[in-house]
1. For residue 849 paired with residue 774, estimate the spin-label separation in nm (one decimal), with each label point 7 Å from Cα along the Cα-to-Cβ line.
2. Over region 393-596, what relative contact order in percent results from Cα pairs under 8 Å that are six or more residues apart?
3. Roughly how many Å is it from the Cα centre of region 603-635 to that of region 162-226, as a whole number?
4. With the cut-off at 1.5 for a/c, could you classify region 730-809 from its C-alpha gyration tensor as rounded, prolate or oblate?
5. What net charge is computed for the residues neighbouring residue 224, neighbours being all others with C-beta under 9 Å from the C-beta of residue 224, Lys and Arg scored +1, Asp and Glu -1?
6. What full-extension length gain, to one decimal in nm, is calculated for residue 371 and residue 624 as 0.36 nm per residue of separation minus the Cα-Cα distance?
7. Just grab the label-to-label distance for residue 203 and residue 408, each label 7 Å out from Cα along the Cβ direction, in nm (one decimal).
8. By per-residue mean of other Cβ atoms within 10 Å, what is the highest-first order of 318-325, 424-431?
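Where a number appears in this text, it was derived from the coordinates with a stated rule and is not lab data. Because the structure is a prediction, the values reported are computed rather than measured. Note that we place each Cβ from the backbone using ideal geometry, even for glycine, and neighbour counts take in every protein chain shown.
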Amino acid sequence: MTLFVVSLFLPNTINFKLPTHPAERPRPRSPSRRPKLDTRPSLFKQPDLTPPHSPITTDHEEFFAPKDNPELRLHFPKQDDPRSIIAPSDPHSPAWGTGKAFMQPKSRAATPPPASILQHDKAEEKAAALGRAGIRQPQHLARSDSHDRVFAHAEWTVVPADQGNGGLRNAVQAAVRNGKLDSKIWVGTLGMPTDALEDTQRKQDIEDRLATEHDSLTVFCKDDDFDGYYTHYCKQILWPVFHYQIPDNPKSKAYEDHSWIYYVKINQAFADKIAKNWKREDVIWIHDYHLLLVPQMIRKKIPDAKIGFFLHVAFPSSEVFRCLAVRKQLLEGMLGANLIGFQIHEYARHFLQTCSRLLCVEATNDGVQLEDRFVNVVNLAIGIDPVALNMNRADPDVAQWLNTMRERYRGKKLIVARDKLDYVRGVRPKLLAYELFLNKYPEWRDRVVMIQVATSTTEQAELDATVSDIVTRVNSSWANLAYQPLVYLKQDISYAQYLALLTVADALMVSSQREGMNLTCHEYLFCQDGKFEGHNRYGSLILSEFTGSASVFGGNELSVNPWDYRQCADAIKTALEMSDEEKETRWRKLYKAVMHSTAEHWFTGFREKLDKVYDEQHSRDTTSVPRLSVNALGQSYMKSERRLFMLDYEGTLASWGSPYDIILTSPQRTLDVLSDLLNDERNIVYVMSGRQPEELDSLFKRIPNLGLVAENGCFIKEAGSTTWIDMANAEEMNAWQESVEGIMHYYQERTPGSSVERRHCSLIFNYKHCDDQESASRLAGDCASHINDACEEQRVKAIPSEDAVVVAPIDWSKATAAERIYASLLKNLPPNQSQKAPADFLMVVGDGRDDEVIFRWANDLQKQLAVADVTTVSLSSRNTEAGYTLTQGVTGVLTVLSKLAKLS
């Protein structure tokens, strides 16, 4: 069995060795420019407290750059270096440790793309016409022959990639190291332009080496396709929406329709590559928002595949997600998996609510019930790899940098931050909060330094300018020749420097406005364990409440709202003035959480869960459930002394339509069969229905000794009794029905042709007769979501079903009714038979989703050996927990029961 680990980028890429002729050498990076002094007033600046402007020093740029080569800002480990197994924990920023400037082809992508598909097609036609006419195209579209020739013949090597999901890589490597994973195959792209590699043989050589030496399947795609897919759809559409930022930029709207085509195309390329190499019993694990469509694409090609999907970023509420034009396609793509994983419970809950609202499907706490199968949903937080991190901390460079930083910032309290420079990570509000702190608490000036490391893979010119203004203003206000309060590094630093910073820091500040799981704070807490002498062992953690990690730490961090600058400023003061005893107490609890939710724990936990749910789902698949054998059933029937039948009515004993508009008459054959069964005194028969008690009395008044269950378990009439037992409290029912009915009428007014039906213990919003079914279905989903959000504490649940939304109590079901009936039969046994079961033959037949709970109850009885012979039968084509299927429908059920009655 092989595990396919599917991620956008492979853990390795290609580095070309180009000729060393001076004209062909890459140009060095331009030196950093000093920011212009900003004399504009600050929102937080108090004129009477502001000292004169002082010169701003930039020696920190040289300080953090390696002395041997300022252009190589990161440590580049050798391939056989054991420390190279570490990757950055942050899954969406360039990797630490591989910062060497790779020699790779330039992209040929025409960026930005035209605003519409029609313009895109015209642009391609025009380019082709110019080429036929011998006219050279613009540089970004035309083929550079000299550029291609260089890479067509250059030597190349496989090197660790500088981008991708580092947390995932660490988890896989930890599993391999500890023997939890024997065989794996990475699936992804090289993370580099490949159009220049037009030589098919060269691509094949690269693919072959990665496959044989690095367990990787390479997905090649055109530069234009990847640019439209990644730069424009993933980053300009999906990334903002998943982080609660509605794309309102006109440019992003222009890209959406255009780049969606590329998103589908790249996802299909991944699915095709996997399907081509998949073997029976292989496991496919797909990762992150770049590949949301891949699970369903693979499911169509390989229906029996074991597929897991994990989303490493946040999942927004349904109100935000519904703003996507292709929302249903994305949800259906994810639902192609057997198991969908999220970092924390909040994201999983948002996903379930979104599926219920937009797809109008039943969402339970465990997952989503589709028409033909069940998809499980789980939340499992990813973590760091302590073993690999410890190996990197043993690097002598870490100790050297630690001593250097301790000496440089002696006598100062250090606040450290490392973030990607985008609007989601909250660098700007963090710096504004720090500025407010310096203004509000002047006693801390000259005593505290914030070091902000900002990495960026995409240009954010406006944000960059704003942040630079804040940095300049802070340093202009409070810096002097011996002190700079804010060190802003818009550059990568070496991994050794990073670990030293985390070790020497007095506080780490994370102010993300939304983030799936910030693992920088996990690494910080791990580095604060006191293994290096001479530093403050236990630092404080200031953490945004909108990060996934905040749900893991249980309130032992200093939680802040990043939009509340005053709270953030006060949190900085609290962190710096906290007693050593409180710091240690908090750190120990936080450290325990970090060591519990490690990368290996996340990996093995998800794999075990995937194996379990796949086996459960496969066992419930109708293709795996055997057909009912009437002969075997008859033999068991004849051997038994006391028999209990629990039969659903709508769709099982009667074949008329939906249970919400069924005709209130019963065919004579059904009545005759039930009467024949009850002629044998050893038979006890109960009919279960969603109908009200008075309706069932009217239907079955001519059959004595027939037990009845009304409104799916809320009312029970025991066999031989003339009175109904009200399982639910009438006053409680009226209380929630009043509020829910108001919500239903609100949606009824907006859905022409719909109706609201009130029963004793349930309410039904019926839209079967609506002309506009699409609009009605959407409003029904909104109605179910509204009720579930508003009435959760009242113990009711809205369940979307065929052409209706049913709202019923959570505490009462056919299973609770069956338990009551079984207990009553057991209680009424004669004293000399008190040790026996009330029945040695139990048959349960149903066709609906609400029958699954009683199938489960009956199967559990058999596992407990409470009943010797249990037969559960489903008439539905959906996946089921019943032990047998019967494909002849109502006719088949009546035929089987009639044959059993004749055996008596």
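1. 2.3
2. Reported as a whole number, the value is 25 percent.
3. When both Cα centres are located, 35 Å separates them.
4. Prolate, because a/c is 1.5 or more and a/b exceeds b/c.
5. Here the count lands on -2.
6. Extra length from residue 371 to residue 624 when fully extended: 89.4 nm.
7. About 4.6 nm separates the two model spin labels.
8. Final packing ranking: 424-431, 318-325.
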